[in-house]
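One structure below.
The values are calculated or read from the model by the stated rules, or taken from the named source; none is laboratory data. Everything numeric here is computed off the predicted structure, so don't read it as measured data. Because the Cβ atoms are built from the backbone with ideal geometry, glycine has one as well, and the counts that use them run over all protein chains shown. In case anyone asks, the SASA skips ligands and DNA or RNA and just uses the protein heavy atoms, side chains included. Shrake-Rupley method; radii C 1.70, N 1.55, O 1.52, S 1.80 Å.
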Amino acid sequence: MIAREQKGRLVVSMRLSKHQFHRDLRLSSVWGYDGTVPGPTIEVERGHPVAVEWRNELKGPLPVVVTSAPQHADASGVPVQCVPGLSGGTADPKTAAFSGHAIVHLHGGLTPAVYDGWAENLIAPGQSLVFYYPMDQRAALLWYHDHVMGVTKFDVYAGLSGLWIVRDEREREIGLPEGPPYEIPLLIQDRNFETDDKGQLTGRLLHKTDPEVMEAFPPFTVVNGKIWPVLEVHQAQYRFRVLNGSNARTYRLVLFKDGRPEINRIIQIGIDHGLLGSPISVPSDGLLLASAERADLLIDFSDLPAGSELTLFNTARAPFDGSRFPATNAEYAADLDGLLPYPQVMRFRVVAGRTTPQPLPKVLATDYSPPILRELVAAPHRVIVLVERELEGEPNMLTLRELAPVAENDDSEHMKMQGMGEMGHQWMDMKQMHMGERSMQVEIPKGEISHDYRGPTVTVTDAGQTTRYRVVASHFEDTTTFFPVLDQHEVWQLLNLTGDTHPIHLHLDPFQIISRRPIRYKIPKGAIEDVTISAAVELERDPNDTLDHQIDDNERGLKDTIRVNPNEIVEIDVRFTKYCGRYMYHCHILEHEDRDMMRPFVTMPRELMPFMA
Ligand SMILES: [Cu+2]
């Protein structure tokens with residue numbers, strides 16, 4: 001669907017329809033944009049606004065059986081998530097009662113807040129909304145998907161996602177393939193299916209979790225709506241626009257031919273928000289993509305004889321925790337305990353028809369530069385801890401807990417409070433703290449600083465200096481504490497106190513990663529309450545930690561989703577540029593986002609800050 005050909009005015013209807021995920025599988029009922037899975041790929045031109053009328057013509061019930069199996073593994077020890085069927089679970093009646101409320105978010109879009117798809121602003125069946133997308137942003141692969149509060153995991157699983165490509169002149173100067181046949185989007189997802197009394201697949205979509213794993217990790221990999229597809233390619237260079245659109249699964253993609261990885265056949269030129277500064281190789285273990293991450297890849301098949309076959313494997317265990325797997329063993333990556341029964345993703349079959357690839361310039365993007373650390377020292381810092389709370393008899397609760405510093409009782413020198421800076425009246429105080437070589441300031445929301453606070457705290461110790469924090473917000477509906485000022489750089493620090501990797505996504509502008517470092521932490525027994533938490537975090541490596549905590553080359557660019565691994569702090573350079581209003585940031589594991597790893601922030605024009613009493 002090319003916006004230009006429709007004068008920038010598009011109509012997309014969300015509809016109940018039928019889709020065949022595999023030629024040997026019966027038809028599945030789906031909810032799809034224009035009734036297709038994935039939805040139509042929308043192509044737009046930078047600087048040419050697009051209006052989309054999103055029509056909700058969905059009919060309930062949800063075309064997905066939702067169940068939580070009573071056991072993690074069956075009698076033979078196979079985890080139930082690795083097999084089709086309900087595995088003794090019963091269909092959840094609450095989800096079967098859905099009538100089809102929806103809301104659309106354009107992921108990666110620089111979109112005014114009213115059109116961003118706030119999770120509670122729903123379009124009921126029979127209603128429609130016209131969303132206006134300015135498209136004043138660089139070329140990139142974006143995607144649109146449902147974002148309804150609490151049930152995004154089911155709506156996206158039912159089929160509500162599609163790709164959105166922004167094009168610009170820089171990509172044309174470079175001479176990159178645009179459109180068929182040599183540019184091909186690959187939307188990777190995973191799905192499971194119900195079985196009948198005889199154990200035969202019915203085709204009906206199944207979202208299955210279990211008592212030990214709250215995320216659905218379905219066994220069948222789906223690319224562009226097809227399980228394990230084969231793509232015929234000419235002896236030519238192709239451009240693949242890859243998106244991980246799965247609910248929860250992280251992929252580590254390894255291209256294989258004749259029993260060996262062919263990592264060097266792939267050149268990566270772009271990430272979430274478009275072109276990198278220069279072409280790079282993908283990591284030697286393979287290309288990691290957590291939910292919502294994108295990669296722009298060139299793969300050259302021009303040297304291969306017709307009839308050659310290459311297979312794309314996934315080697316990432318689930319739930320993903322950042323651990324490595326050697327690319328050379330990708331064929332044998334199947335791992336039931338790692339909820340990866342089939343590492344196969346797709347296959348490429350080379351057919352006759354040779355073209356010589358165009359040489360690629362050494363410089364790709366010229367419109368951004370890496371973060372300048374010394375300029376960020378004085379930037380406002382925001383601290384967020386990722387916390388998992390275990391609950392009896394129900395799935396765990398995950399939260400993004402926003403922290404504010406509290407004064408030390410002993411008033412030690414590094415905690416000395418400072419007066420308000422040039423920030424305006426929004427912030428009452430600033431505090432100096434030291435992290436390694438750098439000295440930085442923490443912004444404290446007005447009214448949040450407390451010299452006499454005696455409750456649970458999170459302490460963060462770096463190079464002998466300790467800062468105490470308390471939680472000021474945990475759940476989505478808690479008060480808003482983040483009010484970023486437009487055009488001002490901020491440092492957001494994400495500290496992962498859980499055992500899994502979380503891809504954290506910010507709506508609106510892209511950001512850049514500054515650092516990724518190991519942490520160790522202690523949480524006393526019972527110290528994770530609904531809102532509060534006590535924890536002692538040190539910015540040093542845990543002796544049992546085997547991760548390298550490196551920043552991959554393909555993370556040094558404009559990102560909107562960043563992986564935060566276990567035992568890790570990730571710092572990102574955030575700057576919102578244009579649109580004011582209420583947006584969300586969240587974990588992009590949809591089961592986490594829905595429960596309750598999502599928080600609001602409000603972007604503000606500087607001149608209004610003094611009036612934010
Ligand atoms: Cu998460």
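The table for this structure:
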| quantity | calculated |
| --- | --- |
| Tail weight of P(r) past 30 Å, computed on alpha-carbon pairs of the chain, percent | 53 |
| Compactness of region 154-266, expressed as Rg and Dmax over alpha-carbon positions, Å | 17.5, 58 |
| Relative contact order (%) - criterion: Cα under 8 Å, at least six apart; region: region 140-232 | 21 |
| Along principal axes, Cα extents of region 304-369, largest first, whole Å | 44, 43, 16 |
| Cleavage-rule hits, GluC sites (Glu not before Pro), region 139-189, DSSP coil, Cβ neighbours within 10 Å at most 15 | GLU178 |
| Computed [θ] at 222 nm, deg cm²/dmol, the chain (DSSP H ≥ 4; -39,500 (n - 2.57); rounded to nearest 500) | -500 deg cm²/dmol |
| Accessible surface of region 57-152 [probe 1.4 Å, protein heavy atoms]: carbon and sulfur percent | 59 |
| Carbon plus sulfur fraction of accessible area for region 1-51, probe 1.4 Å, in percent | 48 |
| The chain, relative contact order [Cα under 8 Å, separation at least 6], % | 13 |
| Loop GluC sites (Glu not before Pro), region 34-143 (other Cβ atoms within 10 Å of the site Cβ: 10 or fewer; DSSP) | none |
| Given LYS153/LYS559; LYS153/LYS578; LYS18/LYS198; LYS59/LYS153; LYS208/LYS257, the pairs whose alpha carbons are separated by over 26 Å | LYS153/LYS578; LYS208/LYS257 |
| Percent of Cα-Cα distances greater than 24 Å, calculated over region 259-389 | 49 |
| Residue-wise HN-Hα coupling along region 302-313, computed from phi with Karplus coefficients 6.51, -1.76, 1.60 (Hz; x: Gly, Pro) | 5, 8, 9, x, 4, x, 5, 10, 10, 10, 9, 10 |
| Fraction of accessible area attributable to carbon and sulfur, region 287-386 (%, probe 1.4 Å) | 54 |
| Length-normalised contact order of region 513-613 in % [C-alpha pairs under 8 Å, at least 6 apart] | 28 |
| Accessible area per residue, Å², the chain with all protein chains present, probe 1.4 Å | 38 |
